[in-house]
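**Q** Before I ask anything, let me first share the structure, which is written out below as C-alpha cells.
The values are calculated or read from the model by the stated rules, or taken from the named source; none is laboratory data. Given the structure is predicted, the values throughout are model-derived calculations rather than measurements. Every residue, glycine as well, gets a Cβ built from its backbone with ideal geometry; the counts of neighbours run over all protein chains shown.
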Amino acid sequence: MSTENEHSTEAAIDKTRIPTHVAIIMDGNGRWATARGLERSAGHVEGVNTVRRITEEASALGIGYLTLYTFSTENWNRPQDEVDALMELIVIAIERETPDLIANNVRLTTIGDIDRMPAGAADRLRRCMADTAACTGLTLVLALSYSSRWEIVRAAKQIASDCMAGKLDIDSIDETTVANALATTGMPDPDLIIRTGGDMRLSNFLLFQAAYAEIAVTSEYWPDYSAAHFRGHIAEYQKRQRRFGLTEQQITQNDIKLS
C-alpha cells in the first residue's frame with residue numbers, strides 16, 4: 001500500500017497502459033464533515049460531487065470499469081436516520097446524474113443485495129440502470145448493500161445447489177466457477193484498488209477479485225479527493241511491476257519475448 005504521489009497535479013499518464021478496472025473505497029465522508037463541525041450527512045452530500053468528478057476523469061482516461069464502494073451490508077447497522085438519508089441521497093444523486101451519464105456514454109450497474117433497499121429506491125435505481133443500458137463507454141459499478149463475504153456465501157450456495165441438481169460436477173469446480181458465481185461475473189478483476197481516508201484495510205470489499213490488485217491508500221477524505229489525486233494514483237500504478245506470482249526475471253524475459 002502506498003500514499004506517495006497523492007498531491008501530484010500533473011501526473012504523467014501513459015495512455016497505452018490505462019488500468020481496465022479501478023475500484024475505490026470511498027471513505028471519510030463522515031470524518032470530513034465532523035472536522036468542519038457539520039452533520040455527517042453533509043459529508044455524504046459533498047462526496048457525491050467527488051463521485052461526479054472521478055467518474056468524469058475515469059471516462060476521459062479510457063478506464064473500462066470504475067467500481068465505487070457506496071454502501072456495505074454492514075452500513076445497515078448505522079443509525080437509522082443516517083441510513084435513511086443515505087438511501088435517499090444515493091437515489092436522488094443517481095437520478096440527477098443519469099442524463100450526464102448518458103451524454104458521456106457511461107453505463108450504470110450495481111453489485112450487491114439491492115433487494116434490501118427500500119422498494120421505491122430500488123425501483124428508481126433500476127430505472128436509471130435501464131436508461132443507461134445502451135451506453136458503451138465506461139461502466140460505473142456501484143457496490144450497494146454489498147460485502148464480499150455476503151457475495152462469497154451466495155456463490156457457495158449457488159454452486160452447491162447446481163451440484164445437487166446435477167448441473168455441475170464437483171470435480172469440475174475451479175476458480176472460474178467461483179468467479180462466475182460472484183456478483184461481478186462478466187467483469188474483469190480490479191487492476192487497482194484505491195482507498196481514501198487513510199485506513200489500511202479492504203473492509204470486506206472484492207476480497208476474491210482483489211487477489212492480485214495493486215492497492216493505493218491516500219489520507220485525503222473522499223470529499224477532498226480530486227481528479228489530480230486520481231491521476232496521481234493511475235501514474236503510480238503504471239510504475240509498478242505486476243508479477244502475478246512470477247519472479248521479476250521471468251516478467252522481464254516475457255517482456256523481451258513479446259517485444
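**Q** Looking at ALA179, is it buried (at least 16 other Cβ atoms within 10 Å of the Cβ), of a type in the set (A, V, I, L, M, F, W, C) and out of contact with any helix residue (DSSP H, G or I) (no Cβ under 9 Å at 6 or more places or on another chain)?
**A** Judged against the criteria, ALA179 is not a match.
For (1) within 25 Å of VAL106 (Cα to Cα); (2) among the small types (Gly, Ala, Ser); (3) crowded, with 16+ Cβ neighbours inside 10 Å, each residue gets a yes or a no:
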| position | (1), (2), (3) |
| --- | --- |
| ALA130 | yes, yes, no |
| ARG149 | no, no, no |
| ARG154 | no, no, no |
| ASP171 | no, no, no |
| ASP191 | yes, no, yes |
| ILE194 | yes, no, yes |
| MET200 | no, no, no |
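**Q** When residues of region 102-161 are filtered for being in contact with a strand residue (DSSP E or B) (Cβ under 7 Å, 6 or more places away or on another chain), among the β-branched types (Val, Ile, Thr) and farther than 25 Å from THR20 by Cα, how many remain?
**A** Selection size over region 102-161: 1.
**Q** Restricting attention to region 53-74, report how many residues are more than 16 Å from CYS135 (Cα to Cα) and either without any contact (Cβ under 8 Å) to a residue 24 or more places away in the chain or surrounded by fewer than 16 Cβ atoms within 10 Å (Cβ to Cβ) (or both).
**A** The number of residues fulfilling the criteria is 2.
**Q** Continuing with the same structure: Residue check, THR3 against (1) within 16 Å of the chain's Cα centre (by Cα); (2) under 18 Å from ILE215 (Cβ atoms); (3) modelled with pLDDT under 95, all met but one. Which one?
**A** It is condition (1) that THR3 fails.
**Q** If you don't mind, there's one more thing I want to ask. Just a yes or no: is a residue in region 206-217 surrounded by 15 or more Cβ atoms within 10 Å (Cβ to Cβ) and in contact with a Phe, Trp or Tyr (Cβ under 8 Å, 6 or more places away or on another chain)?
**A** Yes, some residue in region 206-217 is surrounded by 15 or more Cβ atoms within 10 Å (Cβ to Cβ) and in contact with a Phe, Trp or Tyr (Cβ under 8 Å, 6 or more places away or on another chain).
**Q** Quickly run through region 137-149 and pick out the residues that are farther than 14 Å from ASP100 by Cα and either in a loop (DSSP other than H, G, I, E, B) or small (Gly, Ala, Ser) (or both).
**A** First, pick out the residues of region 137-149 that are farther than 14 Å from ASP100 by Cα: 141-149.
Result: ALA143, SER145, SER147, SER148.
**Q** List the helices (runs of 4 or more DSSP H) that sit entirely inside region 164-259 and contain at least 2 residues that are touching a residue at least 60 places away in the same chain (Cβ under 8 Å) and under 16 Å from the mean Cα position of the chain (by Cα).
**A** 227-239
**Q** May I pose another question? Does GLU97 satisfy the condition of being among the acidic types (Asp, Glu), surrounded by fewer than 17 Cβ atoms within 10 Å (Cβ to Cβ) and either within 19 Å of the chain's Cα centre (by Cα) or closer than 21 Å to GLU46 by Cα (or both)?
**A** No: the conditions fail for GLU97.
**Q** With the structure loaded, tell me whether ILE24 is part of a loop (DSSP other than H, G, I, E, B), at pLDDT 95 or above and in contact with a strand residue (DSSP E or B) (Cβ under 7 Å, 6 or more places away or on another chain) or whether it fails that test.
**A** Judged against the criteria, ILE24 is not a match.
**Q** Name the single residue, out of those in region 237-246 being surrounded by fewer than 20 Cβ atoms within 10 Å (Cβ to Cβ) and on the phi < 0 side of the Ramachandran plot, that is modelled with the lowest pLDDT.
**A** Among those that are surrounded by fewer than 20 Cβ atoms within 10 Å (Cβ to Cβ) and on the phi < 0 side of the Ramachandran plot, it is LEU246.
**Q** If you go through region 70-100, how many residues are of a type in the set (A, V, I, L, M, F, W, C) and out of contact with any helix residue (DSSP H, G or I) (no Cβ under 8 Å at 6 or more places or on another chain)?
**A** 1
**Q** From the list THR98, THR110, pick out the single residue that is closer than 30 Å to ALA235 by Cα and part of a helix (DSSP H, G or I).
**A** Step by step, each of THR98, THR110 is checked, and only THR98 is closer than 30 Å to ALA235 by Cα and part of a helix (DSSP H, G or I).
**Q** Moving on. Of all residues in region 27-85, count the ones that are in a helix (DSSP H, G or I), among the acidic types (Asp, Glu) and under 15 Å from ILE194 (Cα atoms).
**A** 1
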